[in-house]
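Colleague: The structure under discussion is supplied below as structure tokens; questions concerning it will follow.
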């Protein structure tokens, strides 16, 4: 049992206790992966530096020309320099003349015509700082390299491009040790070197190893005890299965995949804008690992999820989310050159797909044939054509916008079905209702034709709504003398929340406003009867139309609905509202709004519409109306009353207590049309019927005047009658109630289209005709249009009017054929008057209620659907094949290529590309079991993530610049097993985890170490430090703070918000969720994770490095994360109910290290804790005991034994 060593006795205050202890405990970890860093540096040179030198430098400093005797086509030449001396000093950009020149810091400025971009300068500085890595023969002296032949770049002599070899495991001597084919391959290699494998790991170390390996979290003391009680192979395998079934498995292994998927929540580089939807891809990865999604399917969905599978629209969320793999890479969104931006994004996608799934650095062939691998520049642009034909971006402007899908959730899909079902019901019910309306219209055809005929033959003098405001054209000072000007705040009555404002919004003018529904009434003394134009002055930043009611009868909607810009006085404007007919004397205007506050109303203005006599019209004085007093009826019936006092004072009226009629005799000297006008008063509508010579002529007196008294008496036009010459009898009849208060009626001769101006001013508009007849004004106007286009129908209606035909007789008068033709036009009239949903106003009350109920259900469902999910992903674009870009320059084009795959890998399969982009064929080719790289690369990744080093040590590079496999037979067996097991990752886990190879201890063997010091052959378990996420998550878990909620986004900003440093400012990293759910901001990665080698999210990293640096100790000593973990753990242990300090020491050891303390550790810590408590107490610490135990927990949590796994 390994003891935790302390350099000094743990006495004194916390920093004096912890610092020496931690410096001792944080033992150096494994050596830095120098080879991996070198490979990354060479890849950086190939991808960033070589193309830049070729494009911007070789023209003047290359093989054909050397200005100032400087060449930049080899490292040797750059080091030698030109006339001014060496161009670069590796490792020291500040001493490099080349860097000075490109930064324009001195007199010499290169390139002389156009300065390099900031990114290009930064790349060159980084390259020199790295030590100026250079690949290929050009790294040496060009002269000394001449004549050397480049090694064959074909596939025939390199292992990675050969088909999988399904080699049988070798025979081994120690059959008892071998539990699987994995063990046979490992033991066979060890036997060849004469090395014995290490013994099995102790149970307490193995259980800790398997938990961290599969879940990234430590086992609980109870789980450790249970395994120690039964460490049999059977129980071990049950634990493996249980952990593989845990949701924590997907979080752990999903994070491994995100390393190579270069996952981040922002684009990085220049703008660093939030990928606020990227988390959906992350959660998809976690879920895919938990569900053991077959790797071939996992691969296909990430590249072409929008094309594979058969999910119906609305159910394809997962497949669309998966394509986020291609979209979440780093992007220079503010690149001025849009074409370059596009090609850089394509290059990043080509390189990512090559390295992630095939372990090939395809990006190195963008500017020239690959220097090491058999990948030509034609191969590169064949692959690039696939992604050129894929839509990743909406545009390439500054700042560019990436493509996002808008998709419904599963619940939204179900709600959409409800919406569609209800819409079908609504459509069906509306059709029935429309049929009912059309049938009703046919039944009321006669009155509509009568009203439309009147509107056609006797058009009103003015339109329903004027075209411009009269008040806007007059100087403000003249308004009171040119009409009736009323200040809105001078109302007679108000209702609800009406406010007069004379300061802010009404400063200098006074306005009416409200916070909710409100109304204001104005009593107007009109000097003369006539038609007036109503103008209203208001201000509004949003539309708030009001309804104006005239004398309690006519309602004018949509008044003051215009938007003027603001609510303030300087945007007050005049607008025309309507033309209204007003009587002499008292008239009432009511302004009212329902459904919200009113606009800011300042004034209204009434100007009389003056009638002008038409040329040739007889003077009005030659055609006066004949006026008849109602009480002078020649015949009455029913309960009729003549009243000359009270409501009839000074005028005399007739009314009734029930049904009644009054008949009048008219002596007409000549036949012709007459306009009928009736003066009456009514507080409520009491329509009557008018009979002429015993035939029903029209309805009348629908209007409400506001009261029953004499001063509420008003004249109203009630229709056009044709009176034959001689005696005529006119009867006013009420059969369903009491009469209004009738004072007088008049008839006046008129002629269609040629009436005197005074008469025309009294003609009714469509709204007045409609009210009189109980019809719809919109339909009257529609029928007027139909009649005007049908001369035969118009002539027949003229004849009917002259004959005084009753409505019921109109059909017979038209004749069967014309009646049928006219009736057939009912649908046209409806469509013209009530298009679309406007027709609902004609539906019966029952139909409207039923439809409204269905619409409410539909709208409630729609509200729940609103805010569809946005998903980063790609889709098919315009199919396009690229030309080779010589030296990577899109302005210098070479031969045309077609979409395709690297020729070296097409021997087993070369599918014909038929889809627009070719991604569908690409994923089928990649997931083909015969592909030599796909299975190998993934099997190697799984091995690396289990053991800390792959069989191929460079998991992202299987090419010549990468490492050779340490055991190719084992690698091919693992790849074949992965494929044969249906590409199941979990089955591959079980094969590896149940092997003796995995369960070996880390015991040192000096003989084996001399033969294989790097443990390449796997003769023992290599001690590994936990990754940054596992350290943080374990601290939260042990401190009792870890929130195991899965999924979702913690970055609380809007999509495309600028986010550099945002997460830290918002304390997003303080969330106690698992580290995989913390935001990953490029250029602003969480510092705690960075300290423990969190990978650069802008690049693929399948092989995290492990460094040991002082800042790691400082994080463990001083971070609030560690402080809270130590405090929480100490508190939990102390509150466990045990007073025995020895038991508590053992409890903390078990929680943190998964083992009991040794005897000497027990005694030392008991003594130390007692002393610490005493020192804390003397220092004035209120909770000295808890502080002492917190310090104890911090020391163990900072120890190598905790952060390393054996």
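Colleague: Taking residue 166 as meeting all but one of (1) surrounded by 17 or more Cβ atoms within 10 Å (Cβ to Cβ); (2) touching a helix residue (DSSP H, G or I) at 6+ places or on another chain (Cβ under 6 Å); (3) more than 26 Å from residue 1012 (Cβ to Cβ), write down the number of the exception.
Modeller: Tallying (1) surrounded by 17 or more Cβ atoms within 10 Å (Cβ to Cβ); (2) touching a helix residue (DSSP H, G or I) at 6+ places or on another chain (Cβ under 6 Å); (3) more than 26 Å from residue 1012 (Cβ to Cβ), residue 166 fails exactly one: (1).
Colleague: Could you list, ordered by first residue, the pairs with Cβ atoms under 7 Å in which the first is in segment 965-977 and farther than 15 Å from residue 942 by Cβ and the second is surrounded by 19 or more Cβ atoms within 10 Å (Cβ to Cβ), at least 6 apart or interchain?
Modeller: That search, which allows pairs on different chains as well, returns 966/951; 966/1017; 969/185.
Conditions (1) closer than 30 Å to residue 336 by Cα; (2) more than 47 Å from the chain's Cα centre (by Cα); (3) surrounded by fewer than 21 Cβ atoms within 10 Å (Cβ to Cβ), marked per residue:
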| residue | (1), (2), (3) |
| --- | --- |
| 48 | yes, no, yes |
| 56 | yes, no, yes |
| 65 | no, yes, yes |
| 76 | no, yes, yes |
| 79 | no, yes, yes |
| 97 | yes, yes, yes |
| 105 | yes, no, yes |
| 120 | yes, no, yes |
| 130 | yes, no, yes |
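Colleague: Restricting the search to segment 551-583, which residues are outside any loop (DSSP other than H, G, I, E, B) and at pLDDT 90 or above?
Modeller: If the condition is that a residue be outside any loop (DSSP other than H, G, I, E, B) and at pLDDT 90 or above, then 559, 569, 570, 571, 573, 574, 575, 576, 577 are the ones that fit.
Each row is one residue, and each column tells you yes or no for (1) over 29 Å from the mean Cα position of the chain (by Cα); (2) within 24 Å of residue 892 (Cβ to Cβ); (3) touching a residue at least 40 places away in the same chain (Cβ under 8 Å).
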{"position": "376", "(1), (2), (3)": "yes, yes, yes"}
{"position": "394", "(1), (2), (3)": "no, no, no"}
{"position": "411", "(1), (2), (3)": "no, no, yes"}
{"position": "436", "(1), (2), (3)": "yes, no, yes"}
{"position": "442", "(1), (2), (3)": "yes, no, yes"}
{"position": "453", "(1), (2), (3)": "yes, no, yes"}
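Colleague: Examine segment 425-435 for a residue that is part of a helix (DSSP H, G or I) and within 30 Å of residue 796 (Cβ to Cβ), and state whether such a residue exists.
Modeller: yes
Colleague: Within the bounds of segment 386-399, is there any residue that is surrounded by fewer than 20 Cβ atoms within 10 Å (Cβ to Cβ), under 30 Å from residue 862 (Cβ atoms) and assigned by TED's automatic domain parsing to the domain that holds residue 334?
Modeller: yes
Colleague: Go through 378, 429, 424 for me and flag whichever is in the same structural domain as residue 326 (by TED's automatic domain parsing) and farther than 30 Å from residue 275 by Cα.
Modeller: Going through 378, 429, 424 in turn, the sole match is 378.
Colleague: Does residue 1025 count as crowded, with 20+ Cβ neighbours inside 10 Å and closer than 18 Å to residue 212 by Cα?
Modeller: yes
Colleague: Next up: Can you name the helices (runs of 4 or more DSSP H) wholly within segment 272-348 that have at least 2 residues being touching a strand residue (DSSP E or B) at 6+ places or on another chain (Cβ under 8 Å) and in contact (Cβ under 8 Å) with a residue 24 or more places away in the chain?
Modeller: Numbers: elements: 279-290, 295-304, 317-322, 324-327.
Filter on segment 272-348 gives 279-290, 317-322, 324-327.
Colleague: Take the residues of segment 714-728 that are in contact (Cβ under 8 Å) with a residue 60 or more places away in the chain and farther than 21 Å from residue 773 by Cα: which is surrounded by the fewest Cβ atoms within 10 Å (Cβ to Cβ)?
Modeller: Checking each candidate, the answer is 727.
Colleague: Here's something else I'd like to know. Grab the helices (runs of 4 or more DSSP H) fully contained in segment 61-153, keeping just those with 1 or more residues being modelled with pLDDT under 90 and under 24 Å from residue 364 (Cα atoms).
Modeller: 75-80, 118-130, 142-145
Colleague: Let me ask something else about it. Specify which of the listed residues (638, 706) is in contact with a helix residue (DSSP H, G or I) (Cβ under 9 Å, 6 or more places away or on another chain), at positive phi and in the same structural domain as residue 767 (by TED's automatic domain parsing).
Modeller: 706
Colleague: Identify, from the list 379, 373, the residue that is at pLDDT 90 or above and in a helix (DSSP H, G or I).
Modeller: Just one listed residue meets the conditions, 379.
Colleague: Now for a separate question. Name the helices (runs of 4 or more DSSP H) wholly inside segment 788-900 in which the number of residues that are modelled with pLDDT of 85 or more and not assigned by TED's automatic domain parsing to the domain that holds residue 388 is 3 or more.
Modeller: 791-803, 816-824, 826-833, 845-865
Colleague: I'm trying to understand the selection: among the residues of segment 182-229, which are part of a loop (DSSP other than H, G, I, E, B) and in contact with a strand residue (DSSP E or B) (Cβ under 7 Å, 6 or more places away or on another chain)?
Modeller: 197, 198, 201
Colleague: Only residues in segment 666-678 that are at pLDDT 90 or above count as the first member; pair them with residues that are surrounded by fewer than 17 Cβ atoms within 10 Å (Cβ to Cβ) and in a strand (DSSP E or B), Cβ under 7 angstrom, at least 6 apart or cross-chain, and list the lot.
Modeller: As it stands, the answer is 667/727; 668/726, since those pairs meet every condition given.
Colleague: Give me the residue from segment 267-282 that is surrounded by fewer than 24 Cβ atoms within 10 Å (Cβ to Cβ) and on the phi > 0 side of the Ramachandran plot and, out of that set, modelled with the lowest pLDDT.
Modeller: 269
Colleague: Still on this structure: In segment 694-717, what count of residues is obtained for those that are farther than 24 Å from residue 644 by Cβ and in contact with a strand residue (DSSP E or B) (Cβ under 8 Å, 6 or more places away or on another chain)?
Modeller: Of the residues in that region, 6 qualify.
Colleague: If you check residue 495 against the conditions, is it farther than 27 Å from residue 827 by Cβ and in a loop (DSSP other than H, G, I, E, B)?
Modeller: no
Colleague: Counting only residues that are crowded, with 21+ Cβ neighbours inside 10 Å and closer than 26 Å to residue 245 by Cβ, which one in segment 195-209 is farthest from the chain's Cα centre (by Cα)?
Modeller: The qualifying residue farthest from the chain's Cα centre (by Cα) is 201.
Residue-by-condition table, conditions (1) assigned to a loop (DSSP other than H, G, I, E, B); (2) outside the structural domain of residue 578 (by TED's automatic domain parsing); (3) surrounded by 20 or more Cβ atoms within 10 Å (Cβ to Cβ):
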| site | (1), (2), (3) |
| --- | --- |
| 440 | no, yes, no |
| 454 | no, yes, yes |
| 477 | no, no, no |
| 480 | no, no, no |
| 485 | no, no, no |
| 500 | no, no, no |
| 508 | yes, no, no |
| 514 | no, no, yes |
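Colleague: Also, I was wondering about something else. Within segment 1088-1107, identify whether any single residue is over 30 Å from residue 203 (Cα atoms), surrounded by fewer than 16 Cβ atoms within 10 Å (Cβ to Cβ) and under 26 Å from the mean Cα position of the chain (by Cα), and answer yes or no.
Modeller: No - not one qualifying residue is present in segment 1088-1107.
Colleague: Please tell me if residue 750 is closer than 17 Å to residue 459 by Cβ, out of contact with any strand residue (DSSP E or B) (no Cβ under 6 Å at 6 or more places or on another chain) and at pLDDT 85 or above. Don't jump to the end; show me each part of the working.
Modeller: Numbers: closer than 17 Å to residue 459 by Cβ: yes; out of contact with any strand residue (DSSP E or B) (no Cβ under 6 Å at 6 or more places or on another chain): no; at pLDDT 85 or above: yes.
For residue 750, the condition - closer than 17 Å to residue 459 by Cβ, out of contact with any strand residue (DSSP E or B) (no Cβ under 6 Å at 6 or more places or on another chain) and at pLDDT 85 or above - is not met.
Colleague: Can you list the helices (runs of 4 or more DSSP H) lying wholly within segment 1107-1177 that have 2 or more residues being touching a residue at least 40 places away in the same chain (Cβ under 8 Å) and over 16 Å from residue 1199 (Cα atoms)?
Modeller: Those helices (runs of 4 or more DSSP H) span 1120-1134, 1141-1153.
The values are calculated or read from the model by the stated rules, or taken from the named source; none is laboratory data. This structure is a prediction, so every number in the text was calculated from the model and none was measured. Using ideal geometry, Cβ is built from the backbone for each residue, glycine included, and neighbour counts are taken over all protein chains shown.
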